Amino acid sequence: MKYSIKKLYRAPIKTAIFILLIALSASALSISMGMWKYSYDSIKYSKDAFTTIGIVRELEFTEQIYTSSGEPKYDYELLGKVKQAAEDSQYTKHTDRRKYLMGYSPDITSFASDGTRERFYPYPYGIITGVCESIGFTRGSNYAAIFKIDKEDLNILPYFVERKDPNISNEYIYVRGLHLTNDLRFPFEVGEKYIVHVYFSGRDNDLKMYSGRLDYSGRYSEIVKYGEFYNLSEEEKKERPEIDRDRVSRAYEDTVHPFQKLTSSAQALLDSGDKRWNELVNNCRITKHSTEILLTDDMYSMYSFNTGDLYIVNGRAISKDEYEQGAKVCVISWNVAVTNDLRVGDKIKLSVYESDFSVFNRHIPIGDRGSSADYITEDIFAPLGYRGQDFITEAEYEIIGEYRGKGALDRGEFLISHNMIIVPSKSLEGDFNTKPIIAETVRSVDGKSQFVKKERTSIPGSFSVVIENGKTEEFEKEMEALGYGGMFYYFDQNYSEIAGKLDGYMKTASFILFISVLAWVCIVAVFLSIYMIDSRKNLATMLSLGAGRVRAFFSEMSGIVLIVIIASVIGLIAGMELYGDVLDKTIAASFEGMSAPIELFKAMNISKMQSTKAVWLSAIIQAVVLILIAAIIECTQSGQDVFRLMKGLKKSKNAKKN
């Protein structure tokens with residue numbers, strides 16, 4: 001060993017060159033091996049990270065309820081056939097037919113904020129008890145009253161009214177109404193106390209109080225069924241000077257009004273056994289403490305999650321095994337979690353019930369949001385909440401994740417409510433949402449608006465087909481052959497673009513690895529050729545002086561091993577230091593400006609960790625292979641006699657002279 005070290009020390013330049021060349025080749029080969037391993041694993045894992053979906057816009061098959069809406073694009077009877085054709089496709093991995101339920105828990109308060117109706121329905125329903133302080137007409141045929149809430153009595157208020165806001169008072173409520181009494185009087189008397197069923201719609205910034213409207217049935221379109229518009233005669237105008245307009249709306253019967261005058265407390269009214277108000281109060285209370293339950297086989301088959309409009313902000317998504325096993329796990333809205341101080345790992349126990357759906361519509365602006373903006377309409381399906389139905393079962397779920405959106409969460413065909421928990425379909429078995437939904441379209445007949453009932457057999461946005469990645473064109477051709485071409489919209493989370501990037505990255509990494517292997521082989525060949533010439537001389541000298549062949553072999557091998565170990569350590573350190581930077585810059589350059597699912601980046605992080613192992617493992621293998629090759633050569637040379645070794649040296653010298 002000492003002799004080997006002295007020998008290396010006597011030729012420092014040659015030794016340094018050997019170490020440098022081997023270190024460089026080891027570093028380059030290790031980095032290229034890591035890059036190849038990374039690209040290989042990324043491609044392998046990316047197949048599971050992406051979800052390619054096809055969706056049908058059910059609203060293109062249905063007649064919208066809005067008065068001026070046009071004819072549907074496709075025949076509604078085709079809808080079921082289209083879904084079945086997608087399910088039977090050879091390119092379909094699976095379909096997701098989502099179901100909707102509701103769950104009640106006294107420990108949960110539904111999230112609702114002042115805003116548009118489609119965002120929070122039905123959670124802003126409430127009961128107020130208070131004294132009417134003023135009443136008067138507003139625009140059109142509407143009137144409004146201001147109530148001072150009796151906080152010592154019964155009140156069921158939505159979340160946004162209960163919480164404290166320094167800019168808005170929750171001592172008073174501004175309540176709008178439409179129908180006067182049948183004898184054309186205001187339904188409220190100033191100074192009297194009432195219990196009122198209200199749908200809270202927002203706030204009045206001028207009055208600095210929350211506002212709402214009288215609710216008659218829970219279905220907005222049915223408000224006109226409880227009254228009629230009435231044109232006052234000249235005589236009636238004289239008799240009712242407080243009515244400062246020619247046309248008003250009056251109730252058919254005063255008993256339909258969703259309020260009642262109180263002579264004592266609201267609780268006393270309930271204790272008296274009043275059926276109507278006990279039902280209304282119970283409905284409001286349970287609805288306030290309810291959440292929607294979405295049963296799915298793949299949350300990333302839903303448009304909002306697939307496109308990244310909704311994303312996991314805490315915890316994780318539901319796993320494949322949890323779907324298959326029907327595990328009692330859930331992903332909840334971040335808003336619900338914050339409202340109720342819930343965290344990942346907590347459990348929520350729900351009394352599950354089915355809810356009928358209300359169908360209304362919203363206007364969606366297109367183009368400039370200014371005064372000249374155009375609008376399209378879209379039907380909205382929302383649960384009515386609790387209406388006295390029986391509970392189906394009890395279910396307890398562990399929260400494993402929280403989702404959040406990139407903006408306001410509105411209701412819509414491909415949008416998800418603020419108050420939704422997502423669970424595996426198999427966690428609640430049963431035939432849910434099988435009852436047809438009745439939508440009432442408003443149509444003008446002979447100049448009069450009439451309601452026409454239409455049956456809807458499914459909830460828009462409740463069906464997705466998960467397609468094999470990269471097979472959307474083949475799937476579409478199959479649908480075209482069946483006469484269903486153009487009915488599906490496809491979303492692949494940028495798989496086609498990213499897969500192309502990864503394939504190109506793999507080819508580049510393979511080419512660099514090939515070049516690195518060739519460079520390493522050449523450098524090793526040069527190193528061994530030069531080193532072995534000196535080694536033959538040393539072996540001949542030691543053997544001629546009487547040293548044993550084994551001793552001579554180990555003496556020479558110790559020098560080679562020392563060089564290889566030093567070079568490999570240097571190469572490994574350099575490779576590990578450079579690999580992270582090279583990989584990060586390569587990834588950043590490859591995916592700059594591209595969106596991809598979070599699961600892909602998780603897969604790429606796993607690939608990065610595994611490829612890092614490949615870097616140091618490659619350096620170790622290189623060192624072992626080089627030492628083994630050198631050992632074979634040294635073993636062969638040490639087995640030769642002195643004259644043969646000297647003869648080989650003479651041939652080498654003659655070759656150099658020539």
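The values are calculated or read from the model by the stated rules, or taken from the named source; none is laboratory data. All figures in this text were calculated on a predicted structure; none of them were measured in a lab. Cβ sites come from the backbone with ideal geometry, for glycine too, and all protein chains shown count toward neighbours. These accessible areas exclude ligands, DNA and RNA; they are computed on the full protein's heavy atoms, side chains included. Shrake-Rupley method; radii C 1.70, N 1.55, O 1.52, S 1.80 Å.
Laid out as a table, the results:
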read-out: Gained length - Lys453 relative to Tyr252, 0.36 nm times residue gap less alpha-carbon distance; value: 70.1 nm
read-out: Surrounding net charge for Leu513, when Lys and Arg each add one and Asp and Glu each subtract one, Cβ distance under 15 Å; value: +1
read-out: Solvent exposure, largest accessible area first (probe 1.4 Å, DNA, RNA and ligands not counted), of Leu482, Leu528; value: Leu482, Leu528
read-out: Solvent-accessible surface ranking, highest first, for Thr377, Thr62 at 1.4 angstrom; value: Thr377, Thr62
read-out: Surface accessible to a 1.4 Å probe, Phe554 within the full protein complex, Å²; value: 130 Å²
read-out: Charge sum, other residues only, whose C-beta stays under 11 Å from Gly326's C-beta, Lys/Arg counted +1 and Asp/Glu -1; value: -3
read-out: Subset of Lys151/Lys435; Lys164/Lys406; Lys83/Lys454; Lys37/Lys471; Lys406/Lys501; Lys275/Lys328 violating a 30 Å alpha-carbon distance limit; value: Lys151/Lys435; Lys275/Lys328
read-out: Pairwise FRET efficiency - Glu396 versus Val313, Cβ, R0 = 22 Å, nearest 0.05; value: 0.40
read-out: Amide H within-cut-off set for Thr95, under 5 Å, with H built and near neighbours excluded; value: Val466
read-out: Segment 90-178, accessible surface, carbon-and-sulfur percent (1.4 angstrom probe); value: 44 percent
read-out: Accessible-area value, Glu577, 1.4 Å probe, nucleic acids and ligands omitted, Å²; value: 130 Å²
read-out: Förster radius 25 Å - calculated FRET efficiency between Glu324 and Asp346 (Cβ-Cβ, nearest 0.05); value: 0.55
read-out: R0 of 35 Å, Cβ-Cβ distance Arg240-Lys261: FRET efficiency to nearest 0.05; value: 0.95
read-out: Total charge dipole magnitude, segment 134-273, about the Cα centre, Cβ charges on Lys, Arg, Asp, Glu only, Debye to nearest 20; value: 460 debye
read-out: Contour minus Cα-Cα distance for Asp88 and Leu184 (0.36 nm per residue); value: 28.4 nm
